[in-house]
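Only one structure is covered here, and it is reproduced in the block below.
The values are calculated or read from the model by the stated rules, or taken from the named source; none is laboratory data. Small disclaimer: the values here were computed from a predicted structure and weren't measured. Every residue, glycine as well, gets a Cβ built from its backbone with ideal geometry; the counts of neighbours run over all protein chains shown. The area values use the complete protein model at the heavy-atom level, side chains included, leaving out ligands, DNA and RNA. Shrake-Rupley method; radii C 1.70, N 1.55, O 1.52, S 1.80 Å.
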Amino acid sequence: MNTEELPLFPLSAVLLPGGRLPLQIFEPRYLDLVSHCMKTDSGFGIVRITSGHEVIIAQGTTPPATAEIGTLARIVDWDALPAGRLRITVEGSRRFRILDSRVQANGLLLGEVQWLAEPASGPLADEHLFLHDIMSGLAEHPALARLGVSGSWADSASLSWALAQYLPLEESDRYAVLAETEPLARLAYLDRLVKAMGSS
């Protein structure tokens, strides 16, 4: 089994492959991490917090508990803010499963991760074309335009990831999509959520 050690960034939010998230960085451990990633063109893992807090002052010395599956994040944009803070935009790429973790002296969480294989993705079925229309509409929103979100989403995998990232979903639903390997199963799940939103 091929594994790799990856710095982890626990968040209350879920990042999906191809999705973009804006983050404000102010803790020294994460400022160091971002600086290292930008210098080395490397990434870090974003994992959903299941118990605990994002900020070290709130969480104390115990790192938060995290979900098992996360996403490799790469920095695609950044801007300096007052007081030494940074605003960055990250984009998700590969999924991974955390096998083990340890905490560095500065509080940074490191995970031994196994990369997850992605099945081949086929073209959209007619029954899912309305989901493509929804995603095309979402992409026109100014908030997504500011993040640089664009794409054709012409296959089931990319559409399922994009919809799950940008629809107004509970983070638990986002994580359920992240944890599901099969693109058609992800679209079926999102289909049910979208129809439930429409009927509420």
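Extension gain for W78-D191 works out to 37.3 nm (0.36 nm per residue, less the C-alpha to C-alpha distance). Solvent-accessible area assigned to carbon and sulfur over region 63-200 amounts to 53 percent, based on a 1.4 Å probe. Adding -39500 (n - 2.57) for every DSSP H run of four residues or longer, then dividing by how many residues the chain holds, sets the calculated 222 nm ellipticity at -10500 deg cm²/dmol. Amide H contacts for R94 (H built 1.01 Å from N in the peptide plane; partners 5 or more residues away or on another chain; cut-off under 5 Å): L72.
Averaged per residue, the chain has 51 square angstrom of accessible surface, using a 1.4 angstrom probe with ligands and nucleic acids left out. The simple spin-label model puts a point 7 Å past each Cα toward its Cβ; for T50 and D32 those points are separated by 2.8 nm. Taking the Cα centre of region 154-196 as origin and assigning +1 to Lys and Arg Cβ atoms and -1 to Asp and Glu Cβ atoms, the resulting dipole is close to 100 debye. The calculated FRET efficiency for the pair A117 and E170, based on their C-beta separation and a Förster distance of 22 Å, comes to about 0.25. Tell me whether region 103-171 comes out rounded, prolate or oblate; compute the Cα gyration tensor, take square roots of the eigenvalues as a ≥ b ≥ c, and use a/c under 1.5 as the rounded threshold. Because a/c hits 1.5 or more and a/b fails to exceed b/c, region 103-171 counts as oblate. Whole-Hz Karplus values for region 125-131 come out as 7, 4, 5, 10, 5, 5, 5 Hz, taken residue by residue from phi with 6.51 cos²θ - 1.76 cosθ + 1.60 and θ = phi - 60°; glycine and proline positions read x. In degrees from 0 to 90, rounded to the nearest 10, what is the angle of the helix 156-166 Cα long axis to the longest principal axis of the chain? That works out to roughly 60 degrees.
For D77, the residues 5 or more places off, or on other chains, whose built amide H falls under 5 Å of its own are T89. For region 71-144, a crude dipole built from +1 on the beta carbon of Lys and Arg and -1 on the beta carbon of Asp and Glu, taken about the Cα centre, is about 540 debye to the nearest 20. Between the helical axis of 183-199 and the dominant principal axis of the chain, each derived from Cα atoms, what acute angle in degrees is found, rounded to the nearest 10? Taking the Cα atoms of the chain, the angle to 183-199 is about 80 degrees.
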